[in-house]
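Working notes, structure below.
The values are calculated or read from the model by the stated rules, or taken from the named source; none is laboratory data. Since this is a predicted model, take the numbers as computed values, not measurements. Cβ: placed from backbone, ideal geometry, glycine included. Neighbour counts: every protein chain shown. With ligands, DNA and RNA removed, areas are computed over all heavy atoms of the protein, side chains included. Shrake-Rupley method; radii C 1.70, N 1.55, O 1.52, S 1.80 Å.
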Amino acid sequence: MAASVCRVGSTVGRALAKARSPILLSLRRGQASVSYAQSLVGAPETRLTTLDNGLKVASEETGHATCTSEKNNGAGFFLEHMAFKGTKKHPQTALEQQVESMGAHLSAYTSREHTAYYMKTLAKDLPKAVELLSEVVQSCSLNEAEIEQQRGVVLRELEEVEGNLQEVCLDLLHATAFQGTALGQITIFNCPRTLTRQDLVDYINSHYKAPRMVLSAAGGVNHEELVGLAKSHFSGVSFEYEGDAVPVLSPCRFTGSEIRMRDDALPLAHIAVAVEGASAASPDIVPLMVANSIIGSYDLTYGGGKHLSSRLARLAVEENLCHSFQAFHSSYSDTGLLGIYFVCDKHQIEDMMHWSQNAWMNLCTTVTESDVARGKNALKASLIGQLNGTTPLCDDIGRHILNYGRRIPLAEWDARIDAVTPRMVRDICSKYIYDKCPAVAAVGPCEQLPDYNRLRSAMYWLRF
């Protein structure tokens with residue numbers, strides 16, 4: 001089924017490319033691309049409705065339809081695998097036939113805080129798409145034989161993940177930075193070998209509650225129609241907890257620490273260094289995003305060489321410091337990780353770490369007006385580029401509703417970015433970076449990685 005659905009999905013993608021929407025930057029020959037200002041003005045309004053049981057319904061009309069249902073993570077990773085093995089109304093074969101008959105694409109993903117089930121389909125098939133999504137979420141067939149089969153699939157995926165050294169390195173970074181808390185658990189390990197059907201049922205009963213869920217849609221969607229469909233198919237989702245025992249997650253504590261997984265047989269070292277960042281709803285999030293854009297990213301395949309705009313990227317080229325690096329900020333409901341991940345030869349680890357921390361110190365002390373202007377432009381381009389299509393739009397809507405309680409429009413992001421000043425970047429970076437204990441993760445031939453005390457001492461400058 002997967003191949004068939006993907007082929008049909010490509011057809012839908014070509015149809016989406018023909019949609020005349022101002023937010024989709026068309027590259028077709030003979031048609032002028034849309035300017036940044038036009039994309040802000042032309043962005044449609046996101047409409048939000050809350051049902052009586054607390055479930056939120058959000059939509060944005062742009063073209064063809066993508067529909068998503070998002071929930072909290074946990075055993076959700078295992079349930080994500082079980083979702084496509086059939087529901088109480090539609091066995092696996094019938095579910096696959098329903099999806100194929102619409103020429104749709106049904107999939108899911110799990111992050112550290114959310115699980116999303118989404119369907120990409122033609123606008124005329126929205127009612128059926130919502131119906132199938134509601135069944136997948138509410139009526140998953142937890143067959144014992146299927147559970148055992150999917151357990152094997154999960155373990156195979158774990159083996160595949162272990163071959164992705166970037167993912168391994170960042171998972172280890174979370175494990176050491178948030179040790180002893182929920183965020184310190186690697187997502188795929190949330191499905192232990194001993195997980196039983198009753199464990200999944202208990203998880204559904206505890207977490208699949210209407211106030212924790214969002215039904216979002218983007219594309220050729222009428223909001224009133226979507227709300228009506230949500231009332232028909234999701235009104236039965238419970239909003240009450242057994243014994244009024246609403247689960248309260250303990251805050252995630254950051255710990256400055258390190259973890260090294262040395263393997264000299266690997267050709268390159270994968271290193272990540274991070275400090276505690278801002279939560280998703282923090283007002284500090286935008287200055288930190290600008291700061292990350294100033295540091296930027298680099299890969300050996302980039303053109304430009306020593307003329308790249310990022311100072312760290314120019315150094316990487318001139319001094320042959322690394323194969324690639326990327327500044328990142330992972331924001332969660334109550335905390336975040338602000339860091340730099342890089343891949344380099346084992347003999348360049350110390351130099352690359354030195355210049356990475358030096359870039360942080362520059363943000364805290366000497367960032368200039370031109371640096372901030374460049375970072376703002378790069379950030380704006382990134383925000384627009386990430387929303388090129390109904391699927392990322394739909395996902396963005398769902399995450400915004402869960403994190404902020406509303407969809408923050410592009411124009412508001414633009415205003416927040418424009419309000420950032422060099423002084424603000426210096427102050428906010430000093431708050432989160434300067435003289436803070438970092439978390440460090442290293443995978444591969446990492447013998448040359450400096451001692452943690454040296455890394456800690458590079459988090460401030462002796463200045464008079």
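Computed with a 1.4 Å probe over protein heavy atoms only, the accessible area of Arg253 comes to about 130 Å². Computed with a 1.4 Å probe on the full set of protein chains, the accessible area for Thr50 sits at about 80 Å².
Test of understanding: what is the full-extension gain from Ser35 to Asp334, defined as 0.36 nm times their sequence separation minus their Cα-Cα distance? Walk me through the numbers on the way to the answer.
Values: separation 299, 0.36 × 299 = 107.64 nm, distance 3.55 nm.
Answer, rounded to one decimal: 104.1 nm.
Using a 1.4 angstrom probe and counting only protein chains, how large is the accessible area of Ser331 in Å², to 10? For Ser331, solvent-accessible area is about 50 Å². Take the stretch 352-427 with all the other protein chains still there, run a 1.4 Å probe, and you get 40 Å² of accessible area per residue. Of the solvent-accessible surface of the stretch 319-376, computed with a 1.4 Å probe over protein heavy atoms with every protein chain present, carbon and sulfur atoms account for 43 percent. Checking every one of the chymotrypsin sites (Phe, Trp or Tyr not before Pro) in the stretch 80-172 against DSSP loop status and a limit of 14 other Cβ atoms within 10 Å picks out no site at all.
Evaluated with a Cβ-only charge set (Lys, Arg +1; Asp, Glu -1), the stretch 290-445 carries a dipole of roughly 320 debye about its Cα centre, given to the nearest 20. Per residue, the solvent-accessible area of the stretch 46-235 (1.4 Å probe, heavy atoms of protein chains only, all protein chains present) comes to 39 Å². Taking a point 7 Å from the Cα of Ser282 along the Cα-to-Cβ direction, the residues of the stretch 328-344 with backbone N closer than 20 Å to it are 328-341. Summing charges over all other residues whose Cβ lies under 12 Å from the Cβ of Gly296, with Lys and Arg as +1 and Asp and Glu as -1, gives +1.
From a point 7 Å beyond the Cα of Glu447 in the direction of its Cβ, which residues of the stretch 329-361 have a backbone N at a distance under 19 Å? Answer for the stretch 329-361: 344-353.
Hey, what's the Cα Rg ratio for the stretch 258-458 versus the globular rule of thumb, 2.2 N^0.38 Å? List each step's numbers first, then the result.
On the way: Rg = 17.3 Å, N = 201, 2.2 N^0.38 = 16.5 Å.
My calculation over the Cα atoms of the stretch 258-458 gives 1.05.
For the stretch 46-235, a Kirkwood radius taken over Cα pairs fed into Stokes-Einstein (20 °C, viscosity 1.002 mPa s) yields D = 122 µm²/s. Among beta bridges from DSSP that stay inside the stretch 46-235, the antiparallel ones total about 80%.
Restricting attention to the stretch 258-458, close to 85% of DSSP beta bridges with both partner residues there are antiparallel.
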